[in-house]
Amino acid sequence: MESATDAHGELAGALGPSVSTEEVCRVVGSRVREFRRSLNMTMSAFAAGAEISLGMLSKIEHGQSAPSLSTLVRLAATAQVPVTALFRGLDEEHDLVIVRAGEGHEIHHQGGGPGRLYQDLGTLRGPNRVIEPMITTITEPGGVFPLYQHPGVEFIHMLEGSLDYGYGGRAYRLDAGDTMQIHGEVAHGPVELVELPIRFISIKVYPATEPRTVAGG
């Protein structure tokens, strides 16, 4: 039979060194009790379904025992939830992106060319982008910019210079310090460079249900 020490070690090892076993036991116990009650199951019936003793279930629900991984699997199956649901409420490691001054990641962009620099200011990992921040620097005149369309909305903040920015059938003068917020589905983009150098930040905010596959500017 597995000892309490072995169970504690197996559980702590599976979750990593930053999570204390005591916290895990407390959260798992609370979740097991919550799911059991939501199913209107007695402790005896739930223990039988999970193939553990009534005393062991009582200790688990009160955070006094660390279940082994195999026991966790049976507990989750009896509760009709994924194993990960038993850990809901634990402090988790969250994505964090910091881009230091001057360290934006240069990207290949549809509007790229001489004197044009597009830098990604950092995006959280995941299958879809929710927010896409970018800084655009234009240092040379000439050239034609494409018009862009994408889901969601876009916020633009002019840092330096001046340009005429097209949106729909009109163009709007943007100077340093100006901001603009637009619907991404409407064709938009720079149409005339007025005062160089030009730098502006654009932040695209996509709807949660849309795939982030369309590049825009």
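FYI, it's all coordinate maths here, none of it is from the lab. Note that the coordinates shown come from a computational prediction; the quantities given were computed from them, not determined experimentally. Note that we place each Cβ from the backbone using ideal geometry, even for glycine, and neighbour counts take in every protein chain shown.
Summarising the label geometry, the points placed 7 Å from Cα in the beta-carbon direction at ALA45 and ALA208 lie 3.4 nm from one another.
Once the Cα-Cα distance is subtracted from the 0.36 nm per residue extended length, the SER162 to GLU185 segment shows a gain of 5.9 nm. For an R0 of 22 angstrom, estimate the FRET efficiency from the Cβ-Cβ distance between ARG26 and SER53 and round to the nearest 0.05. About 0.60, to the nearest 0.05. For an R0 of 22 angstrom, estimate the FRET efficiency from the Cβ-Cβ distance between ARG173 and GLN149 and round to the nearest 0.05. After rounding to 0.05, the efficiency reads 0.50.
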